[in-house]
Amino acid sequence: MADITVSSTSEEGFSTTSRVGEFELTIDATNENGPDPNQTLVADYASCYIPAFRVGAQQNDYDDLGKVEIDAEADLDDDDDLSAIRFDMRVEADIDGDEDTLVETGEEICHVHSALKEELHADISVDGDAF
């Protein structure tokens with residue numbers, strides 16, 4: 001039995017609607033009716049990395065990071081395949097000196113990070129005490 005099931009349907013064109021449990025997500029290769037697959041992957045990566053970073057912070061005695069934001073950027077090659085991903089993070093808490101440790105711990109915990117080929121792992125910069 002599968003741990004995750006998704007039902008995806010495309011009635012016409014290049015837009016696909018996926019049902020994940022009770023949620024619905026529209027992804028459109030033309031970027032007209034929703035984000036395209038590459039945009040969705042980058043957003044999914046960032047959305048997975050933030051809670052992983054929070055868990056890693058808790059494991060390193062930071063119980064409350066406050067607000068955490070990621071501005072994600074990605075590069076595409078000539079075939080429109082992702083070739084690089086970058087995260088610029090801002091963290092409300094003062095984590096001065098522990099950024100690298102927290103980034104590494106977050107990478108170890110993040111499921112999307114683990115699923116991507118290594119050359120697509122995000123290049124992450126963190127700015128603590130940012131808000």
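The values are calculated or read from the model by the stated rules, or taken from the named source; none is laboratory data. Everything quoted here is computed from the prediction, not taken from an experiment. Using ideal geometry, Cβ is built from the backbone for each residue, glycine included, and neighbour counts are taken over all protein chains shown.
For the stretch 2-11, a tally of residues being of a type outside the set (A, V, I, L, M, F, W, C) and either under 21 Å from Gln39 (Cα atoms) or assigned to a strand (DSSP E or B) (or both) returns 4. For the stretch 14-38, a residue qualifies if it is touching a strand residue (DSSP E or B) at 6+ places or on another chain (Cβ under 8 Å) and not in a strand (DSSP E or B), and the qualifying residues are Phe14, Ala29, Thr30, Glu32, Asn33, Gly34, Pro35, Asp36, Pro37, Asn38. Mind listing whichever residues of the stretch 100-131 are under 15 Å from Asp63 (Cα atoms) and not hydroxyl-bearing (Ser, Thr, Tyr)? Across the stretch 100-131, the qualifying residues are Leu102, Gly106, Gly128, Asp129. For the stretch 7-28, which positions are in contact with an Asp or Glu (Cβ under 9 Å, 6 or more places away or on another chain) and either surrounded by 16 or more Cβ atoms within 10 Å (Cβ to Cβ) or under 26 Å from Ser114 (Cβ atoms) (or both)? Those that are in contact with an Asp or Glu (Cβ under 9 Å, 6 or more places away or on another chain) and either surrounded by 16 or more Cβ atoms within 10 Å (Cβ to Cβ) or under 26 Å from Ser114 (Cβ atoms) (or both): Ser15, Thr16, Thr17, Ser18, Ile27, Asp28.
From the residues in the stretch 47-72 that are without any contact (Cβ under 8 Å) to a residue 60 or more places away in the chain and among the aliphatic types (A, V, I, L, M), which one is surrounded by the fewest Cβ atoms within 10 Å (Cβ to Cβ)? Selected residue: Val55. Within the stretch 78-102, the residues that satisfy the criterion of being among the β-branched types (Val, Ile, Thr) and more than 18 Å from the chain's Cα centre (by Cα) are Ile95, Thr101. For the stretch 1-55, give me each residue that is closer than 21 Å to Asp81 by Cα and of a type in the set (Asp, Glu). Selection gives Asp28, Glu32, Asp36, Asp44. Residue count for the stretch 73-97 under the criterion of being outside any loop (DSSP other than H, G, I, E, B), out of contact with any helix residue (DSSP H, G or I) (no Cβ under 9 Å at 6 or more places or on another chain) and surrounded by fewer than 16 Cβ atoms within 10 Å (Cβ to Cβ): the result is 3. Among residues of the stretch 105-131 being of a type outside the set (A, V, I, L, M, F, W, C) and touching a residue at least 40 places away in the same chain (Cβ under 8 Å), the one that is nearest to Phe53 (Cα to Cα) is Gly106.
The single residue among Gly56, Gly128, Gly66 that is of a type in the set (Gly, Ala, Ser) and at positive phi turns out to be Gly66. Scanning the stretch 98-122 for residues that are within 17 Å of Val68 (Cα to Cα), surrounded by fewer than 15 Cβ atoms within 10 Å (Cβ to Cβ) and not hydroxyl-bearing (Ser, Thr, Tyr) turns up Asp100, Glu104.
Val55: over 17 Å from Leu116 (Cα atoms) and in the same structural domain as Leu120 (by TED's automatic domain parsing), yes or no? The answer is yes for Val55.
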